[in-house]
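The values are calculated or read from the model by the stated rules, or taken from the named source; none is laboratory data. These numbers come from a predicted model, not from an experiment. Cβ placement follows ideal geometry from the backbone for every residue including glycine, while neighbour counts extend to all protein chains displayed.
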Amino acid sequence: MDKPEALLTISAVSKKFGEIEALSNVDVVINSGQVIGLVGGNGAGKTTLLRLISGVLEPTTGSLMFKGKKVSKSRERIGVVPESTGLYARLTAWENIRFHSRIYGIEDSVSWARTFHFAKRLEIKDELSRHTKGFSRGMRQKIALLRALAHGPDILLLDEPTAGLDVTSARTVRHLVGQLRDEGGTVIYSTHHLAEAEQVCDRIIIVHNGTIRADGHPEELIKSTMTTNLEEAYVELTKDKARPRSDVKEKEGRISKWWSKFLTGTTPKEVGEDE
């Protein structure tokens, strides 16, 4: 039987911001039909890796290939739910989603069909016609998830998807992630909550101080460290002191700035309205 083509291949990737190396020699191969937990503390390099995968940043060295093409040329196949949802408050939920889908060149009828399908799963179809101003944190997160799914991406990137959500909303998001995996979808689930990662993900990648410390099924990581749970395994694998979080950022070019705004749906005028 032929080996399936890798969906995403990250080869010897490093990323520097000036003299600071945010990521060092990262190698990861991701196939379809998995929920991959990207786990690490603040400053570990998780967000930098997500920005590289989404095409917002270019690696200093190494390569990121999506089905044999550079990630920067495959952005339409990637869906992103950033930690800040960045919805336009003066638009309805559906108008936010439609605007995003049109940039991808998706017909409204196709986008609507997908949006309504997932809105029913999240039990928020009646909210699609409402303006997003005044939406709760949980509702904004669900709309951002619909927005990321409306164009039919091959891979979904979730950055702290349940941060600030109530118990019910968090469970709903986790349940949908599981359904996407069961239907052959691929999700990269970035979180610093180990219990949540163990519950949702069938593969865990631990990032610490810019390097990959472990990559495998939660039970494999526990067994290899001779511990009894994922939290203990994580501590065992990240014993060296965590580096301080740096605020140094790369100066973005014109296309990178546009892509960042596109992913988050924000403009300076709108950012405050999403709080």
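Some points to look at:
- Flag if LEU49 is buried (at least 22 other Cβ atoms within 10 Å of the Cβ), assigned to a helix (DSSP H, G or I) and under 18 Å from the mean Cα position of the chain (by Cα): yes
- When the range 14-33 is filtered for residues that are modelled with pLDDT of 90 or more and of a type in the set (Val, Ile, Thr), the ones remaining, listed by number, are VAL26, VAL28, VAL29, ILE30.
- ILE222 buried (at least 18 other Cβ atoms within 10 Å of the Cβ) and free of Cβ contacts under 8 Å to residues at least 12 places away in the same chain: yes
- Residues located in the range 152-173, provided they are charged (D, E, K, R), within 16 Å of the chain's Cα centre (by Cα) and either in a strand (DSSP E or B) or surrounded by fewer than 18 Cβ atoms within 10 Å (Cβ to Cβ) (or both): ASP154, ASP159
- Test result for GLU21, surrounded by fewer than 22 Cβ atoms within 10 Å (Cβ to Cβ) and more than 26 Å from LEU146 (Cα to Cα): yes
- When ARG147, ARG137 are checked against the criterion of being more than 17 Å from SER190 (Cα to Cα) and buried (at least 22 other Cβ atoms within 10 Å of the Cβ), a single residue qualifies: ARG147.
- Within the range 178-188, one or more residues are surrounded by fewer than 18 Cβ atoms within 10 Å (Cβ to Cβ), part of a loop (DSSP other than H, G, I, E, B) and on the phi > 0 side of the Ramachandran plot.
- Residues of the range 112-125 classified as more than 13 Å from LEU145 (Cβ to Cβ) and at pLDDT 95 or above, total: 3
- Of the set (1) outside any helix (DSSP H, G or I); (2) modelled with pLDDT of 90 or more, all apply to ASP240 but (2).
- Some residue of the range 225-235 being part of a loop (DSSP other than H, G, I, E, B) and within 22 Å of VAL80 (Cα to Cα): no
- Restricting the range 55-100 to residues that are part of a helix (DSSP H, G or I) and in contact with a Lys or Arg (Cβ under 8 Å, 6 or more places away or on another chain) leaves a set whose member that is nearest to LEU157 (Cα to Cα) is ARG77.
- Hey, ALA170 among the small types (Gly, Ala, Ser), free of Cβ contacts under 8 Å to residues at least 60 places away in the same chain and closer than 22 Å to ARG98 by Cβ or not: no
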